[in-house]
Amino acid sequence: MAASLSRPSSRILAALAAVAMVLSMVVLAPSALADEPDVIRVAGQNRFDTAAQVAALTYDTGASDVIVAAGFNFPDALAASGIGGLVDAPILLVNDARDEATSFTLAALADLDPDTVHVAGGTAAVSEAIEDEIAAAGDWAMNRFAGADRFATAALMADVFEPADVAGSTAIVGTGFVAADSLSAGPLAHAGPHPILLTRSDALPEATAEALEDLEVDTVLVLGGTSAVSAAVVEAIEALDGVATVTRLAGANRFATAVDIAGAAPFSGGERVILATGFGPGNVPADALAGGPHGGVFGAELLPINDVRDELPSEIAAYLAANAAGIDEIV
């Protein structure tokens, strides 16, 4: 059961801060945000702690399912957003460079007390040692989604969906190599739920094509411009049995693309908005990936910012200005 933001846990209360500075970075007319929204920062000591705090804020009464994914690589966590919506699960992160789970993740699992922990990715992403440590930490079942590569792993997660589970008979396809154009799709996929499948930029992987046909979708949302997902890939998707419509969500850069993705969500222009870095070490925006389930549960679009500048990207500022009247909270 999802939590209400009015009842955050004591751990989260310590992490919340009203950061009006964020509002001052928005380049708007003075009256654009006349009713200043509440600004809530969820910030841990590192990406693992932040993901744990986001999960606690979103699921403060626990979760029957939890997903664990690598914290320094994005494809498996991104694809997990879809199945996270299907089973109503948060995403926690582990350190894929070490053979041990972080204390933050183990503590979060103890608090959430799930029946099943789903591991997203093969042993190169989440090692057997980490899986064994998590399995020994609590009385929960373990389930791993591991394909031959990132495309097959995403297809295995999509395979959990029955065609009737796919909201609006819609699936999402994004590049499996660059997070920039895909990270804002987490809330959309979780809320649907819509499966997220991955592709190469210049060729549609066989595992992805087969999964789309098995899902019997008639609509596919493609994330990013032609440098992320080429016209040839779109043509290959259009040629699949059952696919009637392929819609590309793309802008001139990652920020404009995020705005396009936000506009496609049923909760676009809603009361809550999530801001997170669109970059990060190794170009892996870990906080944004962990924030996808929060956006899906609470109906909040996720918008990236440029953490190397002290101003919002113009595309994000314009989106906030256009929807200012309805925004009550910025997370």
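The values are calculated or read from the model by the stated rules, or taken from the named source; none is laboratory data. From a predicted model like this one, the values you see are computed outputs, not experimental measurements. Methodologically, a virtual Cβ is constructed for each residue, glycine included, from the backbone with ideal geometry; neighbour enumeration extends over all protein chains shown. Surface accessibility is based on the protein's heavy atoms, side chains included, excluding ligands, DNA and RNA. Shrake-Rupley method; radii C 1.70, N 1.55, O 1.52, S 1.80 Å.
Assorted remarks:
- Among His294, His118, His194, the residue with the largest mean-square fluctuation in a Gaussian network model of the chain, with springs joining Cα atoms closer than 10 Å, is His118.
- The calculated P(r) of segment 240-308, using every Cα pair and 10 Å bins from 0, goes 20, 45, 27, 8, 0 in percent.
- In the context of the full set of protein chains, the chain has a per residue accessible area of 39 Å² (1.4 Å probe).
- The phi torsions of segment 312-325, fed into the Karplus equation with coefficients 6.51, -1.76 and 1.60 and a -60° offset, translate into couplings of 6, x, 4, 5, 6, 4, 5, 5, 5, 5, 5, 10, 4, 4 Hz, rounded to whole numbers, with Gly and Pro shown as x.
- The chain, relative contact order in percent, only Cα pairs under 8 angstrom and at least six apart counted: 20
- Between Leu92 and Ile67, Val68, Ala69, the built amide H atoms are under 5 Å apart, and every one of these is 5 or more places off in sequence or on another chain.
- As computed over the chain, the Cα convex hull volume per residue (Å³): 116
- Equivalent ellipsoid dimensions for segment 99-223 as semi-axes, Å, which come from the Cα gyration tensor, largest first: 28, 16, 14
- Radius of gyration, Dmax [segment 173-212; alpha carbons; angstrom]: 10.5, 29
- Helical content alone sets the calculated 222 nm signal of the chain at -10500 deg cm²/dmol, taking -39,500 (n - 2.57) per DSSP H segment of four or more residues and averaging over every residue.
- Furthest towards positive pole of dipole, Thr245, Gly269, Ile305, structure part the chain, Cβ charges: Ile305
- Ordering of 262-269, 92-99 by packing [mean C-beta count within 10 Å, highest first]: 92-99, 262-269
- Taking the chain as a Gaussian network of alpha-carbon nodes connected by springs under 10 Å, the highest mean-square fluctuation of the residues Leu289, Leu109, Leu188 belongs to Leu109.
- Inter-label distance, Asp132 to Ala164: 4.2 nm, where each label sits 7 Å from its Cα along the C-beta direction.
- The string of couplings for segment 174-188 from the Karplus curve (6.51, -1.76, 1.60, θ = phi - 60°) is x, 5, x, 10, 10, 6, 3, 8, 10, 5, 6, 7, x, x, 4 Hz, one whole number per residue in order, with x for Gly and Pro.
- Modelled FRET efficiency - R0 30 Å, Asp214 with Glu235, Cβ distances, 0.05 increments: 0.90
- Database remark: amide H of Leu303 closer than 5 angstrom to the amide H of Ile274, Leu275, Ala276 (H placed geometrically; neighbours at sequence offset of 5 or more, or on other chains; Pro and chain starts carry no H).
- Residues whose amide H falls under 5 Å from that of Arg144, counting only those 5 or more places apart or on a different chain, are Val119, with hydrogens built in the peptide plane.
- Of the solvent-accessible surface of the chain, computed with a 1.4 Å probe over protein heavy atoms with every protein chain present, carbon and sulfur atoms account for 48 percent.
- Across all directions, the average projected area of the convex hull around the alpha carbons of segment 26-184 is 11.6 nm².
- Whole-Hz couplings from phi, Karplus 6.51/-1.76/1.60, listed for segment 271-276; x for Gly and Pro: 7, 10, 10, 9, 10, 8
- Spatial separation of Cα centroids for segment 119-155 and segment 208-243, in angstrom: 27
- Gain on full stretching of the segment that runs from Ala107 to Ser268 - 0.36 nm per residue minus C-alpha separation: 54.6 nm
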